[in-house]
2 protein chains.
Amino acid sequence: MTAQPLLSHFERYLPFEEEEKALIEGRVSRRKVKRRELILSSGEICRYYTFVVSGCFRMYITDAEGKEHNILFAAEGDWIYDIDSFHATTPSQSNIQALEASEVIQIAQKDLYYLYLNILKLDRIFKVVTEEKYVELQNRVFQNISSTAQQRYLSFLKQYPNLANRLPNTQIASYLGITPEFLSMIRKEIASGQ
Amino acid sequence: MTAQPLLSHFERYLPFEEEEKALIEGRVSRRKVKRRELILSSGEICRYYTFVVSGCFRMYITDAEGKEHNILFAAEGDWIYDIDSFHATTPSQSNIQALEASEVIQIAQKDLYYLYLNILKLDRIFKVVTEEKYVELQNRVFQNISSTAQQRYLSFLKQYPNLANRLPNTQIASYLGITPEFLSMIRKEIASGQ
DNA sequence: CGCGACGTTGATTTGCCTCAACGATTGTGG
DNA sequence: CCACAATCGTTGAGGCAAATCAACGTCGCG
C-alpha cells in the first residue's frame, strides 16, 4: 500500500473503514525527493499537502536583501505546505526544500476537496493537525520574544534532539534567527561553561 | 437573539438550519467585559472559545523578567483563546485582557464538544478559522524575521489601520517586539522623513 | 582530486535596550 | 467637578547583543 504511512498517521486520530482507506489510497501520490530539491518555490501556488514519509524538509522565506530565513522543519510524520497559498490559491511567499533525500505522500487540492466531501472526519483530523501546527508556531513566537539566542538554542536542542543531530548548524542558526557565526560563539560558550 | 453576531459570523462560511441555530443559541453565553479585565490568566486552563462582539483584546505573555509581550490583538469579529491550553487542558502560558470595554460570546469546552457532535460542519468552520489564525501568525513570524522595526511598524499601520488608531503606542510597541521609547524614535524619523 | 559547503575566530559596527527624566493627557475617587 | 494619580508619549546618554565583513582550516561529495 503506497499510502500506508499516511493511513497510520490518520488512525492516530480516528479509526477508518476499509472503503475509506481505499478512497484515500486512490487520491494520493507517493514520490521520492532529492536532497536540495525544491517542492515549492516562492511565487508558485502551493498545490499539495505534503506528508513526510522519510527524510527532512525546511520551509524558508527569502527577504528583500536575498537572505534566507527558516520558518520550520518537517521530518517523518510531519505535514508541510504553505497554508495561505494552498487555501487562498495565491502565490506562495515561502519555499520548501528537501534537506535530505526524502520520500513524501502528497494530496492535490482537488483530491483533498473530494476527500473532504466523502470522508467527513477528515475535517476533524485536519482541524486538529492545523491546531497542532498553530501551537508549535505559537510556542516559537513565545520563545523568540522572550529569550536570548543562547536560551533559544538550548531549548531547540531539548525540543528537537533528533533534528539537531541531523541538521547542519547553518540551518539551525537560520531557524533561530541568528547568523552561523553567532551560533558558533554560543556553542563555544556552552562548551566552555561546563 | 443573544448569539446573533456569532451566527452571522458562522454563516459567512456555511449556511445553517433554524434548528442548528437554536442548538448553538442554547450552548453559548454572552457577557460584558470591563476595560483591563483579564478573561484568561496564565496558569489557568483556558475553558472558553471567546468571540469578540465589540471592543478589543490583547493576548500576551509575561517573560522571566516580568516583561509583557503582546502576541496578538482581537477586535470585533475575531476569535481569541489559547489553543494549546484549551485543547490539551493544560495551564495557559498566556493572558487575555480587554483593552476596551467589550462584549463577547463564549463557548465552554463541553458545549463546544457537544456542538461538534451534533453539527458536523462546525469542524469545517473551525478548521478554517484555525487556518486563518495560523496564516496571520505565520505572516507575523515572516515580518519579525525579515524586517527592521521601522518596516514592521509601517506594515502594521497598513495591515491594521483601525487597530492602530484605537491602541496606545505602548501596546503596539509590545506587539512589534520593541520598547515604547524606540517606537517613539521610529515615529519621529517617519514624521521627519517626509 | 578539487571545489563548494561548513564551522570557527576576530575586529568592527549597529539596531535596539536600559535607565532617567519630563510634560501632556486621561481617568477616577472624594 | 475638581485634584491628584496613573498612564502615555517623548527625549537623551550610555550600553549590550547580535550583525557584518574578512579570513582560514576542514570535510564530504561529485
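For segment B:4-121, a simple Cβ point-charge model (Lys and Arg +1, Asp and Glu -1, everything else neutral) yields a dipole of about 280 debye relative to the Cα centre. Taking Cβ atoms as reference points and 15 Å as the exclusive limit, the residues near A:G55 contribute a net charge of +3, counting Lys and Arg as +1 and Asp and Glu as -1.
Peptide A:87-93 is shielded by partner chain Cβ atoms: per residue, an average of 2 of them sit within 10 Å of its Cβ. The dipole here belongs to the protein assembly as shown: it is taken about the Cα centre, uses +1 on the Cβ of Lys and Arg and -1 on the Cβ of Asp and Glu, and is about 700 debye. Fewest-first ordering of B:I119, A:I178 by other beta carbons within 10 Å of each residue's beta carbon gives A:I178, B:I119. Summed over qualifying helices (DSSP H, 4 residues or more, each -39500 (n - 2.57)) and divided by its residue number, chain B shows a 222 nm mean residue ellipticity of -15000 deg cm²/dmol. Each other residue within a Cβ distance under 15 Å of A:Y153 adds +1 if Lys or Arg and -1 if Asp or Glu, for a net charge of +3. Each of B:S155, A:S94 was scored by other Cβ atoms within 10 Å of its Cβ. Listed from fewest to most, they are B:S155, A:S94. Think of chain A as having a plus end and a minus end, set by charges on the Cβ of Lys, Arg, Asp and Glu; of A:L120, A:S146, A:Q106, A:S146 sits farthest toward the positive end of this dipole. When each of B:M1, B:M185 is scored by the number of other beta-carbon atoms lying within 10 Å, the sequence from fewest to most is B:M1, B:M185. Simple spin-label estimate for B:T62 and B:T90 gives 2.0 nm between the two label positions (7 Å along the Cα-to-Cβ direction from each Cα). For A:R166 paired with B:N118, estimate the spin-label separation in nm (one decimal), with each label point 7 Å from Cα along the Cα-to-Cβ line. Placing both labels 7 Å along Cα→Cβ, they lie 4.6 nm apart. So what is the diffusion coefficient of the protein assembly as shown in µm² per second by Stokes-Einstein at 20 °C and 1.002 mPa s, using a Kirkwood Rh over Cα pairs? Rounded to a whole number, D works out at 94 µm²/s. Pairs to check: B:K34/B:K188; A:K121/B:K110; A:K133/B:K188; A:K34/B:K133; A:K32/A:K110; A:K32/B:K121. Give those whose C-alpha atoms are more than 28 Å from each other in this structure. The pairs that break the limit, which is 28 Å between Cα atoms, are B:K34/B:K188; A:K133/B:K188; A:K34/B:K133; A:K32/B:K121. Its Cα centre serving as origin, segment A:80-154 has a Cβ charge dipole (Lys and Arg +1, Asp and Glu -1) of approximately 200 debye. How far is helix A:149-159 tilted off the main Cα axis of chain A, in degrees rounded to 10, range 0 to 90? Roughly 40 degrees, rounded to the nearest 10.
With label points defined 7 Å past Cα in the direction of Cβ, position B:T62 shows copy-to-copy spacings of 4.5 nm, given to one decimal and shortest first. Each principal axis of the Cα atoms in segment A:4-123 has its own extent, and those three values, largest first, are 51, 29, 21 angstrom.
3J(HN,Hα) along segment B:34-40: 6, 3, 6, 5, 8, 9, 8 Hz, from the Karplus curve 6.51 cos²θ - 1.76 cosθ + 1.60 with θ = phi - 60°, whole Hz, x for Gly and Pro.
As a calculated quantity, the FRET efficiency between A:E17 and A:A101 at R0 = 35 Å, using C-beta atoms, amounts to about 0.50.
For A:R30, the label point sits 7 Å beyond Cα toward Cβ; its separations from the matching points on the remaining copies run 5.3 nm, from shortest to longest.
Sorted from nearest, the other copies put their B:M1 label points 4.4 nm away, the label point being 7 Å from Cα in the direction of Cβ. Between the alpha-carbon centres of segment B:177-194 and segment B:96-175 there is a gap of 25 Å. Between the C-alpha center of segment A:58-95 and that of segment B:1-67 there is a gap of 30 Å.
Quick note: the coordinates plus some simple rules give every number you see, no bench work behind them. Fair warning: this is a prediction, and the values are worked out from it, not measured in the lab. All Cβ positions, even for glycine, are placed from backbone atoms using ideal geometry, and neighbour counts span all protein chains on display.
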